[in-house]
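Worksheet: the structure to be examined is printed underneath.
The values are calculated or read from the model by the stated rules, or taken from the named source; none is laboratory data. Since the structure is predicted, the reported quantities are computational estimates derived from the model, not experimental observations. For neighbour counting, all protein chains shown are included, and Cβ atoms are generated from backbone atoms with ideal geometry for every residue, glycine included.
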Amino acid sequence: MTKALYTGSFDPLTNGHMNIIERAARLYDELTVGIIENPHKLALFTLEEREEMMRETLKDFDNVKVDHFSGLLANYVNENKFDVVVRGLRATMDFEYEIQMAQMNARLFDSSVETVFLMTDPKYSFISSSVVKEVHQLGGCIDGLVPDSILDYIKRSAK
Ligand code: COA
C-alpha cells in the first residue's frame with residue numbers, strides 16, 4: 001500500500017489544492033492531507049477552522065485522511081511512514097523553492113521516501129491562498145476559486 005502526504009497551510013483550501021488532492025487520491029492508495037501552522041505566515045483561519053473546513057470538503061473521498069502537524073515535515077513523514085510527499089508546481093517560480101525543499105527533505109527523510117511533483121492544472125495556476133484571502137477581504141468575488149463548502153464556511157463565519 002502506498003501512503004502519500006500532501007501538505008500545506010491551506011489558509012484557505014483553494015480549487016488549485018483540490019485539483020492536486022483529487023489527482024493524488026487517484027494515484028495513491030491512501031492520501032493524508034496534513035495541515036501545518038506556518039510560523040512565517042499570518043493566518044486568517046485557525047488550525048482548527050482549517051481542519052474543520054478540510055474534513056467537510058473531503059468527507060466523500062474514501063482514501064483521503066485529514067491531519068495536522070507542527071515542526072519538521074521530515075519528522076512527521078518518517079514517524080508516519082509515508083512513501084511519497086506530493087507537491088503541486090504552478091509555475092517556474094515555484095520550482096526554485098520546491099527543489100531546495102525537496103533536496104533538503106531528501107537528506108532528512110528515511111531513504112525510501114520520494115517527493116513527487118504534480119503540475120497544477122493551468123486554469124488554477126494563478127491561484128494562491130494569499131490572493132484569495134486578499135480579494136475576499138477587500139470585498140471581491142472568490143466564487144470558483146475555492147470549493148463551495150469553503151465559500152459557505154467563509155460566508156457563515158463572515159471572515
Ligand atoms: N494551487 C493553488 N495554490 C497553490 C498550489 C496549487 N496547486 N500549490 C501551492 N499553492 C499556494 C499555497 O496556497 C500557498 O499560498 P500562500 O503563500 O498564499 O499561502 C503557496 O502556494 C505556497 O504553498 P506551500 O508551498 O504549500 O506553502 P505552505 O506554507 O502552505 O506550506 C510547507 C509549506 C508546509 C511545505 C513547508 O513550510 C514545510 O515543510 N514546513 C515544515 C517545516 C520544515 O520541515 N521546514 C524545512 C523544509 S526543508
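Output the residues belonging to the stretch 114-157 that are of a type in the set (Gly, Ala, Ser), closer than 22 Å to LEU58 by Cα and more than 9 Å from the ligand (Cβ to nearest atom).
Of the stretch 114-157, the ones of a type in the set (Gly, Ala, Ser) are 125, 128-130, 139-140, 144, 149, 157.
Narrowing further to those that are closer than 22 Å to LEU58 by Cα: 125, 128-130, 144, 149, 157.
Answer for the stretch 114-157, where residues must be of a type in the set (Gly, Ala, Ser), closer than 22 Å to LEU58 by Cα and more than 9 Å from the ligand (Cβ to nearest atom): GLY144, SER149, SER157.
Given the conditions (1) under 15 Å from the mean Cα position of the chain (by Cα); (2) surrounded by fewer than 19 Cβ atoms within 10 Å (Cβ to Cβ); (3) away from the ligand (no atom under 14 Å from the Cβ), which single one is not true for VAL64?
The one condition VAL64 does not meet is (2).
Output the number of the condition that SER111 fails; it satisfies all remaining conditions of (1) near the ligand (Cβ under 8 Å from one of its atoms); (2) assigned to a loop (DSSP other than H, G, I, E, B).
Every condition holds for SER111 apart from (1).
Yes/no per residue for (1) more than 9 Å from the ligand (Cβ to nearest atom); (2) farther than 30 Å from HIS136 by Cβ; (3) among the basic types (Lys, Arg):
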| position | (1), (2), (3) |
| --- | --- |
| SER9 | no, no, no |
| ASP29 | yes, yes, no |
| LEU44 | yes, no, no |
| LYS59 | yes, no, yes |
| GLU79 | yes, yes, no |
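Return yes or no: is LEU72 within 9 Å of the ligand (Cβ to nearest atom) and either modelled with pLDDT of 95 or more or farther than 21 Å from SER157 by Cα (or both)?
Here the answer is yes, as LEU72 does meet what is asked.
Any residue in the stretch 86-113 that is within 21 Å of LYS3 (Cα to Cα) sitting within a Cβ distance under 7 Å of a residue that is among the β-branched types (Val, Ile, Thr) and in a helix (DSSP H, G or I)? List the pairs, counting only those 6 or more apart or interchain.
That search, which allows pairs on different chains as well, returns VAL86/ILE20; GLY88/ILE20; PHE109/VAL77; VAL113/VAL77.
Checking the structure you have, find out if any residue of the stretch 71-88 is closer than 15 Å to SER149 by Cα and among the polar types (S, T, N, Q).
Filtering the stretch 71-88 for residues closer than 15 Å to SER149 by Cα gives none.
No, because not a single residue in the stretch 71-88 is closer than 15 Å to SER149 by Cα and among the polar types (S, T, N, Q).
Suppose we filter PHE126, PHE82 for residues that are part of a loop (DSSP other than H, G, I, E, B), within 18 Å of LEU13 (Cβ to Cβ) and of a type outside the set (Val, Ile, Thr); which single one remains?
Details: PHE82 fails: within 18 Å of LEU13 (Cβ to Cβ).
Criteria check complete, one pass: PHE126.
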